[in-house]
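We did not get these values from a lab; they are worked out from the coordinates using the rules stated. Everything quoted here is computed from the prediction, not taken from an experiment. Every residue, glycine as well, gets a Cβ built from its backbone with ideal geometry; the counts of neighbours run over all protein chains shown.
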Amino acid sequence: MKNFNRIKRCGLFLLVMAGVSSVCAEPGNTVKACAECHGLEGRTQIPGWPPISDYSQAELESKLKAYRQGLVPESRMDSVAHQLSDEQIREVSEYFSSQHLAESQKSAGDE
């Protein structure tokens, strides 16, 4: 049930993002907006959604720019990414790619 509620929230988020471009207007809020679906660590619990923290900053930037340009057909990210500025894409990519490093360092410290 928890995953279903999260999926409903993500769906609502996507609908809001499609109609209101100001939701992601400030770069500081962009990571929080992305975390609604992808989780703060970039490892969502939603089945079928990839763990974005596994990508490098360059890979994430490339993927987000491809979504923004409409190069990825029929994607859930179309309605979100087309509103992101280069600065927001850089911020999100930097944040989520660093989560993988933080997780690796945490695991190494546990051993």
Per-residue HN-Hα couplings for segment 73-80, Karplus 6.51 cos²θ - 1.76 cosθ + 1.60 at θ = phi - 60°, whole Hz, x for Gly and Pro? x, 6, 10, 5, 7, 3, 5, 8
Starting with the fewest neighbours, write out H82, H100, H38 ranked by other beta-carbon atoms found within 10 Å of each beta-carbon. H82, H100, H38
So how do L71, L60 line up by other beta-carbon neighbours within 10 Å, fewest first? L71, L60
Under 15 Å, Cβ to Cβ, from E61 - net charge with Lys/Arg +1 and Asp/Glu -1: -2
Hey, fewest Cβ within 10 Å first, where do E61, E94 land in order? E94, E61
